[in-house]
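Read through the structure below, which is laid out as structure tokens, and then see the notes.
The values are calculated or read from the model by the stated rules, or taken from the named source; none is laboratory data. As the structure is a prediction and not an experimental result, all values here were calculated from the model. Using ideal geometry, Cβ is built from the backbone for each residue, glycine included, and neighbour counts are taken over all protein chains shown.
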Amino acid sequence: MIAECPQTPSKRLSDTGPEGPARSVGSLLVFSDDWGRHPSSCQHLVRNLLDRYPVLWVNTIGTRAPRLDMQTFRRVTEKMWQWGSRKSKVSETLDSSVNVRHPNLSVINPKMWPWFGSSRDRRLNRWLLSRKLAPLIAKLPQPVVGLTTLPITADLPDALAVHRWIYYCVDDFSQWPGLDGQTLRRMDVAMIRRADSLVAVSETLQTMIANEGRSATLLTHGVDVEFWSSAEIRVQPVAPDITDVERRIVFWGVIDRRMDSPTLLRLSRDFPDAKIVLVGPQQDPDPAILSLPNIKTLPAQPLAALPGIAYDADVLIMPYADLPVTRAMRPLKLKEYLATGRPVVVNRLPSTDAWDDCLDVAHTPEQFSQLVRDRMTSGLPSSQISARSRLRQESWTSKADALEFILKGDLT
């Protein structure tokens, strides 16, 4: 049972000085997915802050507990290699998403225990992380502000000499398929109550946070319009396995149980001569999807390849099912799809409502299939082209500026 906390988190020793709370940022300590593993929203934001702040990025083990499957084996192998290599030390690190080396970015791969279900597990992880990070934090320009996207950091606010903690809520991990929902929910609540400021990517997550007596600033995802629409990036080589068909219906992202099987089954039946291409890592998807004759799966592709894949697609699709986890999320790919200039068809979710004049929204598998056919026949309507012009106001630069305002404590 987690004890009730006051509405405002109690101040730690490092929070105050002779002139009251500090309003500056010396450096950032970031806990998130592995840097360069895939272009997450946190990586986009932090990359836009690198010129201003030194950043110590902590690659974590993530939120998925080990299981006896190939996905766990690959992840364990990856982590063991990281822990045993020189990359486990703090070093200047290559930013693979822009192919440049930045002197303000350091990445560390601390050893972690891959379970959080018991108090003993959590104490062990707290000890492992604090022992490794404490001396590194002491060397960073002060004050240090902690930014985390993961509830598994819930035991660290009182263990590390960090001036302020910002919890950047990007998903309701307790609802993700294949995760230990109860454990992650307990840690999520603890992190919500202990953070100094909270940021949410969706209104659903704002409501979840409000239910714990806290408030969060809404910060939706940005998009690099020039990257996704430039003619130069579109000519990058397309994955060779999808160049042998003329009609392509394309999705990219994690292929898992959030996908709406009836929608994909209907598409497969209605478009026997088209290739439905699903690009991305697989995390226990419905086997019925993978067995369809015209479904083609590809592993995750380099970011630079995706605009070319989109350019050669007839329609980009986002066939998520209506589930608690999908209602809370705000898919990064939505604005990326729109920026490519290609037709986009989605199943209706809260995250699509603000952009429903820029794409086609389906409520049933039959309607989804018909909308795909309409876009294959007539292309992108002029009204959608015009509506997408407001993507220019959604740059990652502007989103990073908004996050910096929160990091400085101006909203507390």
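Which one of 383, 369 is in a helix (DSSP H, G or I), within 27 Å of residue 263 (Cβ to Cβ) and touching a strand residue (DSSP E or B) at 6+ places or on another chain (Cβ under 9 Å)? Full working, then the answer.
Numbers: 383 fails: touching a strand residue (DSSP E or B) at 6+ places or on another chain (Cβ under 9 Å).
None of the others qualify; the one that does is 369.
Kindly evaluate residue 317 against the criterion of being farther than 20 Å from residue 360 by Cβ and outside the structural domain of residue 185 (by TED's automatic domain parsing). Show your work before the answer.
Numbers: farther than 20 Å from residue 360 by Cβ: no; outside the structural domain of residue 185 (by TED's automatic domain parsing): yes.
No; evaluated as a whole, the condition is false for this residue.
Report those helices (runs of 4 or more DSSP H) wholly inside the range 259-311 carrying at least 1 residues which are modelled with pLDDT of 95 or more, under 17 Å from residue 368 (Cα atoms) and basic (Lys, Arg).
On the way: elements: 261-270, 287-290, 306-311.
Counting at least 1 such residues, we get 261-270.
Which members of the range 132-147 meet the condition of being without any contact (Cβ under 8 Å) to a residue 60 or more places away in the chain and either touching a Leu at 6+ places or on another chain (Cβ under 7 Å) or on the phi > 0 side of the Ramachandran plot (or both)? If you could, list the steps in order and put the result at the bottom.
Step one: filter the range 132-147 for residues without any contact (Cβ under 8 Å) to a residue 60 or more places away in the chain, giving 132, 134-135, 138-139.
The answer is 134, and nothing else.
Go through the range 312-322 and give me each residue that's more than 15 Å from residue 253 (Cβ to Cβ) and either assigned to a strand (DSSP E or B) or hydrophobic (A, V, I, L, M, F, W, C) (or both). Walk me through it before giving the result.
Start the filter on the range 312-322 by keeping residues that are more than 15 Å from residue 253 (Cβ to Cβ), which leaves 312, 314-315, 322.
Listed by number, the list holds a single entry, 315.
Go through the residues of the range 329-349 one by one and say whether even a single one is surrounded by fewer than 22 Cβ atoms within 10 Å (Cβ to Cβ), in contact with a Lys or Arg (Cβ under 6 Å, 6 or more places away or on another chain) and part of a helix (DSSP H, G or I).
For the range 329-349, residues surrounded by fewer than 22 Cβ atoms within 10 Å (Cβ to Cβ), in contact with a Lys or Arg (Cβ under 6 Å, 6 or more places away or on another chain) and part of a helix (DSSP H, G or I): absent.
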